[in-house]
Amino acid sequence: MRVCLWVFVVVIVFGFGDGKHAYQRLRTERISGSAGDVLEDDPVGRLKVYVYELPSKYNKKLLQKDPRCLTHMFAAEIFMHRFLLSSPKVLITSLLCPMTSEPASTIRKRKPSSGAFFPLLQRATLVQTFGQRNHVCLNEGSITIPPYAPPQKMQARQIPLDTPRSIFVYFRGLFYDVNNDPEGGYYARGARAAVWENFKNNPLFDISTDHPATYYEDMQRAIFCLCPLGWAPWSPRLVEAVVFGCIPVIIADDIVLPFADAIPWEEIGVFVAEEDVPDLDTILTSIPSEVILRKQRLLANPSMKRAMLFPQPAQPGDAFHQILNGLARKLPHDRTAYLKPGQKVLNWTTGPVGDLKPW
């Protein structure tokens with residue numbers, strides 16, 4: 001049961017008022033070859049930002065009750081809230097789904113005098129870790145963010161870059177949810193059960209339900225890291241694989257990946273359909289070595305690793321800034337708003353103008 005649901009609401013309203021604290025000016029620029037844009041301080045465009053202080057039982061008191069919420073994969077919600085309150089570049093429309101009646105009532109009572117709140121929700125941009133196509137809480141234009149993985153802990157567990165990757169396929173986690181689905185037919189739609197039954201005795205596959213103390217180090221010694229769906233299509237394994245340079249093998253047919261315009265998932269990962277799991281050994285061993293090396297070189301880019309993490313304090317190019325950049329691109333700006341002084345052509349990347357991929 002998820003107990004760390006951190007509820008906060010921030011609403012942006014495009015406006016043209018003169019209130020000094022009601023809006024921030026914003027401009028975005030994409031640095032060539034980087035994973036994402038970098039926000040600058042000379043903004044173009046105007047918006048009003050309303051941060052609603054909900055009852056503390058929906059957020060702050062959760063930490064008093066269970067400090068593990070700060071390291072849980074849903075902790076991105078907590079750090080997003082903190083970053084928003086401390087950032088001079090605030091631009092976000094975020095609602096957690098489902099919205100319970102009490103928070104909704106609180107917001108309704110405190111809505112901005114200049115506009116009706118709930119009609120605005122029809123045009124809301126959801127910032128969420130759901131990452132699942134056709135989900136009830138995922139609408140067109142939503143921004144999918146990575147689940148939280150502790151940056152300091154992972155940084156402290158780095159091993160020498162020249163350490164050989166002697167593990168071909170690595171995975172630690174559940175194959176069966178024995179409490180809720182002991183037969184494995186519903187959990188992960190049977191994909192995890194298929195991994196275990198087909199490859200538990202395969203010497204190329206280092207897979208187990210154990211979670212050893214050397215988990216992070218082992219991922220850095222692996223070539224491929226399995227990232228299968230569970231009850232949801234995503235998990236922190238995706239973040240860990242990117243940070244540790246292990247090629248993510250994504251087994252989740254309906255997954256929506258975070259920051260797809262900033263991270264070239266097709267080029268750094270391997271996508272395997274759930275029905276093709278029994279052929280996983282053939283699929284991975286048939287990938288040419290030069291393709292594997294290219295994926296590893298791309299994964300070695302520090303900007304890509306940074307884009308998946310929520311460090312404290314926030315850093316340029318990190319996940320928090322990726323979210324702000326995704327939202328900034330939704331502003332009703334003229335195309336020229338994103339040009340540097342003297343620049344006549346919008347250059348998003350080293351590639352063609354219309355290509356948002358950084359490679």
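Laboratory data are not the source of any read-out in this text; all were calculated from the coordinates shown. All of these numbers come straight from a predicted model, not from anything done at the bench. Positions of Cβ are generated from backbone atoms using ideal geometry, with glycine treated the same way; all protein chains shown enter the neighbour counts.
At-a-glance table
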| item | result |
| --- | --- |
| Between segment 268-301 and segment 204-253, the alpha-carbon center distance in angstrom | 13 Å |
| Relative contact order, percent, segment 151-304 [alpha-carbon distance under 8 Å, six or more residues apart] | 22 percent |
| Net length gained if the chain between Asp281 and Asn201 were fully extended (0.36 nm per residue, minus Cα distance) | 27.6 nm |
| 5 angstrom amide H check on Asp253, placed H, neighbours 5+ away | Glu274 |
| Charge tally in the Cβ shell below 13 Å around Pro311, where Lys, Arg are +1 and Asp, Glu are -1, Pro311 excluded | +3 |
| Kirkwood Rh in Å, taken over all unlike Cα pairs in segment 151-304 | 15.9 Å |
